[in-house]
Structures are given as C-alpha cells and as structure tokens.
Amino acid sequence: MMRGALLSGLLALLAFVTVSVAFTPGDPVRGEKVFRKCKACHSVEAGRTKPAGPNLLGVFGRQAGTADYRFSTSMVEAGEAGLVWTPESVDAYITDPKAFLKETLDASRVRNKMVFKLKDEEDRADVIAYLMSLQEGDP
Ligand code: HEC
C-alpha cells in the first residue's frame, strides 16, 4: 500500500512537471521578426482587422473563434466547447492547425481556415513571447 501511494505520488509529480515544462516563452525581440510570417493574415494593431485572419492582440485568455472575424465553424465550435487561448494551446495550434482542431474536437474531419504551419519550435516560442509582450500593456 505504501508503495502504491508513493508511486501515484511520483506519477502526479511527473505529470505536473511535464505540464509545467510543456511551454517556455522565448525571445520577444526575435519573435517580432518571426511574426512577419503571420502578418500577411494577422494584425496586432488595436481595432484593425484583416480580411485574411483575426486580430491577435489580446489573444491570450480569449475564447477561440470570438474575435471580429469570420471563423471556420470548427474554430467557433472549439471555443464553445471551452477552448481559451493560452501560450500552450497557441503553441500546439500553430504547429499544425488542422491536427490541433481534430484533436480538440475529437473529430476526423474539421473545417480549418488557417493554412499555415510553424514547425520550428524556437520560432513558435519566440513569436508567442512577442504576442505576450504586446498583451502586457493591455488595460
Ligand atoms: C495564410 C494566413 C495565415 C497565416 C500566415 C497565419 N494565420 Fe493564424 N489564422 C489564420 C486564419 C484564417 C485563422 C482563423 C482559423 C479558423 O477560423 O479556422 C487563424 C487563427 C489563428 C489563431 C486563433 C485566433 C482566435 O482568436 O481564435 C491564432 C492564435 C493564430 N492564428 C496565430 C497565428 C500565428 C502566431 C501565426 C504566425 C506564426 C499565424 N497565425 C499565421 C490565418 C493565418
């Protein structure tokens, strides 16, 4: 019984450590350069919308699919199911948006509108750090 308790304690600790090291923000200055790749579709200027994608200012803490943009039905569904953007979920999303939506909605087919993948882990950490730095100034 002691061993069982110890083992479950260890497993819980391991799960905690795994979750907390899952994402570490990178360099926001470098991230601003990486963001050039996102700029074709996304703005980070307050109140500015682009036809190709939602504004990303204040994205962290925002329910998915609720910005002023015509989102895919799958993204709206994911938001309604409880998806709120965090550095971790944005990291997973921009790695492979379609795969992320499939996993989130537990569906084999989804309507995904973001046809862009950022495969480089460091680039993702940096661009997320950049987006976080913009949000710090929010009221
Ligand atoms: C080719 C255009 C395009 C590029 C490039 C692009 N995106 Fe997107 N992005 C979209 C579209 C379109 C959506 C809406 C997806 C949907 O409705 O399914 C989206 C959605 C998002 C969302 C969810 C926003 C919300 O409010 O729910 C995040 C976060 C995001 N993109 C981050 C990024 C980042 C970071 C980059 C650059 C590394 C990037 N995107 C590059 C088109 C793009």
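To the nearest 20 debye, what charge dipole does the chain have about its Cα centre, counting +1 at the Cβ of each Lys and Arg and -1 at the Cβ of each Asp and Glu?
Using only the charged Cβ atoms, the result is roughly 520 debye.
Taking only C-alpha pairs under 8 Å that are 6+ residues apart, what is the relative contact order of the chain in percent?
30
Please find the FRET efficiency linking S8 to V84, where r is the Cβ-Cβ separation and R0 is fixed at 30 Å, and quote it to the nearest 0.05.
It comes out at approximately 0.55.
Is it possible to state the helix-based mean residue ellipticity at 222 nm for the chain, with each DSSP H run of 4+ residues giving -39500 (n - 2.57), the sum divided by total residues, to the nearest 500 deg cm²/dmol? What is it?
Result for the chain, helices only: -15500 deg cm²/dmol.
What are the semi-axes of the equivalent ellipsoid of the chain, taken as the square roots of 5 times the eigenvalues of the Cα gyration tensor, listed largest first and rounded to whole Å?
Whole-Å semi-axes of the equivalent ellipsoid: 30, 20, 14.
Say the cut-off is 19 Å between C-alpha atoms; which of K39/K119; K33/K119; K33/K117; K37/K102; K39/K113 go over it?
K37/K102
Rule-based calculations on the coordinates, nothing more; no lab input. Computed from a prediction, not measured in an experiment: that's the story for all the values here. Methodologically, a virtual Cβ is constructed for each residue, glycine included, from the backbone with ideal geometry; neighbour enumeration extends over all protein chains shown.
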